[in-house]
Amino acid sequence: MSYLVLARKWRPKFFSEVSGQDHVVKALQNSLKQNKAHHAFLFAGTRGVGKTTIARLLAKALNCEQGVVAEPCGECKSCLAIDEGHFMDLIEVDAASQRGIDDTRDLLENTQYTPSSGRYKVYLIDEVHQLTKEAFNALLKTLEEPPPHMKFLLATTESEKIPITVLSRCLKFNLKKISEENISKRMTEICKEEGIEFEDKAIDMISQAADGSMRDGLSLLDQALAFEDYNLTADQVSTMLGTIDVNFALNILSSVLTQDKNSLIEALDAVDQLYPDYSDLLDTIASLTQSIAFHQVIGSSEKTNSNDNNPLIENFAETYSPELIQLIYQMAITSKRDINIAPTTKEGFTMAILRMFAFQPSEPKSTNSPVKPTDNQPNINTSTTAVKSNTKETNEKEINGKMLNPKQWTADVSRMNLTGTVKQLVSHCMFGDLKDQTLKLYIDPENEHHLINRAVVTLNEYLLNYYANISKVNIQVLKTNGTTLAKKKSEATEEQKIMNQSRIKSDPNLQEYMDMFDATIEDG
């Protein structure tokens, strides 16, 4: 007895068994319930998503002996004949091999005859986009006004190649790629029915490799079962697919994040011995960093893929800055563009990892979030605190470092080698107090938006190294009219503006023009 592949053996026989195309199934069933099925349907989508399957189910529903029903019975002669592929009134045409005008004319000559055993004569034309221009033209009239006993079901993977004149005569349904979850669920059901021992991870790996195609997934499942003695393990699937364990990618990513050169060399050597697909390995690294970024932005309560279940992902998300994770992700995906023009794919991959290792943001990530004001403390907000912990380093700073003079605070701030958000923050900080080597700074509530975690931590570390006579920094939100560098600059700018306006108004040349043209001066 010949073996029937899983994709054919487990092809859905009812609408309820169709995976991932609920939007199409629901619309078809509603039209069948009302007995208002259109005369021409077009099913468009990539390979293996159910175009032909849904078309055959529609043919069954139209010709079921129980009547036009939303769900075929699957037991009558018509349903069984369609399942077995020998129903006389379901004519399946492969447009890839019967694409000419003569083939179309032969097909249309039989449309005048009524069904031999069914309720409707159904023409299922697969890969319809491959018909010639002349064949499409020959089909137009019949497609627009077919006999009442006829239905056209068209399927295509490239709907953009179909003439608009044909599209306008059809009810078009766009089928989506099937999600990994739906493919996994379906394959799990099949394995249980077939009595196959399997590992969940192996099913997940095949589902991911299927890339949205149920047929591809079931074909890979067939291949994996043939690879070993009709059972399914993650190791055998990994070997068959030529993929490597995600832990190898995690080791590389961990070495990059921790800046551990020796660990990175070991991780790269371990990968090289497996002769992997380096492009796929970059995809894995990009996927891991996406999972880390998801945790950082959304949180760990939601899961986006199987990588999120790894405890290292959450640890990385809490330890490293979002800027670093985003940068590594960007390097991973852009390196895929360059890897094929490198001397070898291995060298292209290695260079990508070296970029990730070498080019990293200098600002560290803070794990402390600013505390918002409470009802009992409406005007003060303790945003962050930093403490010197190295006694030897402190002693050296006391000998060689700069001493903080409160009267020179704004002058010191103007000389500090800081940029960006950190410079903005310190410019809006007013000197508060210096007691027991604790520097207290105040920031006005209207400037509280400058209290970005990473900027606060970077400023604190800078101040601890800049001044020898402080070992602790404390920034608080407080309504005050004190002096800050930003305020002094603003006042200086305003003074300069007033002076400029005064000079302009007293300029004799300008006065002459004003008198000549009866003009006025607008402020600003």
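A compact table of results
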| item | result |
| --- | --- |
| Counted residues, region 336-359 - those being in contact (Cβ under 8 Å) with a residue 40 or more places away in the chain and more than 18 Å from PRO276 (Cα to Cα) | 2 |
| Only one of LEU225, LEU221, LEU253, LEU264 that is assigned to a helix (DSSP H, G or I) and at pLDDT below 90 | LEU225 |
| Residues satisfying the stated conditions in region 323-361, i.e. closer than 17 Å to ALA267 by Cβ and β-branched (Val, Ile, Thr) | ILE328, THR350, ILE353 |
| Residue among ALA270, ALA286 that is surrounded by 18 or more Cβ atoms within 10 Å (Cβ to Cβ), of a type in the set (Gly, Ala, Ser), free of Cβ contacts under 8 Å to residues at least 60 places away in the same chain and assigned to a helix (DSSP H, G or I) | ALA286 |
| Search result, residues across region 158-193 that are outside any helix (DSSP H, G or I) and in contact with a Gly (Cβ under 7 Å, 6 or more places away or on another chain) | ASN174, LEU175, LYS176, LYS177, ILE178, SER179 |
| Only one of ALA40, ALA55, ALA44 that is within 24 Å of GLY118 (Cα to Cα), in the same structural domain as ASP89 (by TED's automatic domain parsing) and touching a helix residue (DSSP H, G or I) at 6+ places or on another chain (Cβ under 9 Å) | ALA40 |
| Selection status of GLU109, touching a residue at least 24 places away in the same chain (Cβ under 8 Å), assigned to a helix (DSSP H, G or I) and within 27 Å of ILE162 (Cα to Cα) | no |
| Any hit, region 198-215, residues being in contact (Cβ under 8 Å) with a residue 40 or more places away in the chain, surrounded by fewer than 19 Cβ atoms within 10 Å (Cβ to Cβ) and not basic (Lys, Arg) | no |
| In region 2-46, residue nearest to LEU124 (Cα to Cα) [restricted to those that are free of Cβ contacts under 8 Å to residues at least 12 places away in the same chain and in a loop (DSSP other than H, G, I, E, B)] | LYS36 |
| Some residue of region 152-168 being among the basic types (Lys, Arg), in contact (Cβ under 8 Å) with a residue 24 or more places away in the chain and in contact with a strand residue (DSSP E or B) (Cβ under 7 Å, 6 or more places away or on another chain) | no |
| Those strands (runs of 3 or more DSSP E) lying entirely in region 406-488 with at least 3 residues under 43 Å from the mean Cα position of the chain (by Cα) | 438-443, 472-477 |
| Residue list for region 301-322, filter: at pLDDT below 60 and among the polar types (S, T, N, Q) | SER301, THR304, ASN305, SER306, ASN307, ASN309 |
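The values are calculated or read from the model by the stated rules, or taken from the named source; none is laboratory data. Treat the numbers as computed from the prediction; the structure is a model and nothing was measured. All Cβ positions, even for glycine, are placed from backbone atoms using ideal geometry, and neighbour counts span all protein chains on display.
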